[in-house]
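Single-structure report; data block below.
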Amino acid sequence: MYSEKVIELFRNPRNMGEIENRDGVGTVGNPICGDLMTIYIKVDGDRLKDVKFKTFGCAAAIATSSMITELAKGKTIEEALQITRDDVAEELDGLPPIKMHCSNLAADGLHAAIEDYKRKKE
Ligand code: FES
């Protein structure tokens with residue numbers, strides 16, 4: 001059902017945890033399954049220097065969280081905002097159709113963290 005990449009990231013998630021002195025944080029949830037995801041970002045100049053996550057959710061939610069931290073790290077704010085739900089699923093070699101909504105959380109969580117950063121900066 002899951003690709004090898006999903007299983008690998010579920011077993012060994014990258015960048016799991018909080019960033020203490022973060023510049024932005026975004027929490028999103030799926031009311032249907034009840035899963036919750038929080039993304040933390042640290043910004044240096046206009047680049048995401050660090051990205052971490054905490055997720056209470058299914059295997060796909062954990063794998064997509066881990067994947068989005070890897071996709072976003074080192075990118076500029078504008079580049080990170082262009083990362084879509086489909087990019088996350090594609091990088092994981094696909095998700096079962098019933099699990100596609102899990103990848104929404106990851107992209108939405110990252111975008112929410114960036115919005116939080118922008119709000120604080122203003
Ligand atoms: Fe809820 Fe995967 S089942 S995010």
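Table for the structure above
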item: Selected residue (criterion: farthest from A106 (Cα to Cα)) from residues of region 11-29 that are buried (at least 17 other Cβ atoms within 10 Å of the Cβ) and among the hydrophobic types (A, V, I, L, M, F, W, C); result: I19
item: Filtered residue count, region 78-90, keeping only those that are assigned to a helix (DSSP H, G or I) and buried (at least 18 other Cβ atoms within 10 Å of the Cβ); result: 4
item: Among residues of region 30-39, those that are closer than 11 Å to N104 by Cβ, surrounded by fewer than 19 Cβ atoms within 10 Å (Cβ to Cβ) and at pLDDT 95 or above, counted; result: 0
item: Test for D87: is it more than 14 Å from the ligand (Cβ to nearest atom) and more than 19 Å from E4 (Cβ to Cβ); result: no
item: Strands (runs of 3 or more DSSP E) wholly inside region 1-65 containing at least 3 residues that are β-branched (V, I, T) and either more than 13 Å from the ligand (Cβ to nearest atom) or in contact with a Cys (Cβ under 7 Å, 6 or more places away or on another chain) (or both); result: 36-44
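The values are calculated or read from the model by the stated rules, or taken from the named source; none is laboratory data. What you are looking at is a predicted structure, and each value in this text was computed from that prediction instead of being measured. Because the Cβ atoms are built from the backbone with ideal geometry, glycine has one as well, and the counts that use them run over all protein chains shown.
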